[in-house]
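Before any comments, here is the structure.
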Amino acid sequence: MDTSDTERDNWPALMERAQAGDQSAYTRLLKALVPVIRSQVRKQLADDALIEDVIQDVLLTVHRVRHTYDPAYPFLPWLMAIISARAVDALRRRGRHQRWEVADDHLADVPAPTTPPRQDSQEELAGYLRQLPSRQREIVEHVHLREMSLMEAAAHNNLSVAAVKSLLHRALTNLRRFGAHHD
């Protein structure tokens with residue numbers, strides 16, 4: 001990684017300025033992150049085209065969830081979690097795609113499915129959300145489905161931003177657990 005430790009130490013401050021609307025700080029941060037993201041993704045993937053796709057996915061995710069970063073905490077673990085999640089997503093997508101790439105003459109050897117196909121993804125999401133405690137479900141709906149900011153969700157629910165973050169974290173942990181039980 002060609003990023004110095006001092007530059008890396010500035011990432012929380014750059015993100016905080018970016019969260020406040022400083023476009024030049026945000027641009028500097030994203031430019032500094034690309035080599036780090038590329039290096040980490042290369043450790044998980046070998047396909048160059050896939051690596052570039054994951055880098056773009058990571059940058060888009062950072063942009064989409066930048067409001068969730070708390071500058072009081074280290075930046076790198078937050079970024080690494082995003083990189084890891086996007087790399088795993090890419091591997092899953094590629095795995096699903098490759099699984100269905102079979103020659104027609106092999107189709108006769110494939111047994112008929114014994115379980116019905118998965119329900120529509122909207123219904124599936126609604127089912128997962130129904131399993132959450134009501135406060136967690138409300139926060140997920142407000143922040144992720146209605147795209148409220150953390151501050152808007154906090155005000156709407158008469159909570160602190162920290163409480164919203166905590167509820168959101170617990171809800172997403174539960175949703176991941178629910179999803180793992182259904183795969």
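All of the numbers you see were taken from the coordinates with simple rules; none came from a lab. Small disclaimer: the values here were computed from a predicted structure and weren't measured.
Close amide-amide hydrogen proximity is noted between Met148 and Val143, each under 5 Å apart and 5 or more residues distant or on a separate chain (H modeled in the peptide plane; Pro and chain starts excluded).
Sequence-ordered 3J(HN,Hα) estimates for region 50-61 from the Karplus curve with 6.51, -1.76 and 1.60 and θ = phi - 60° stand at 5, 4, 5, 4, 5, 4, 5, 4, 5, 4, 5, 5 Hz, glycine and proline given as x. Full extension of the chain between Arg170 and Glu16 yields a length gain of 53.1 nm, computed as 0.36 nm times the residue separation minus the alpha carbon distance.
The percentage of C-alpha pairs in region 5-99 whose separation is greater than 23 Å is 25%.
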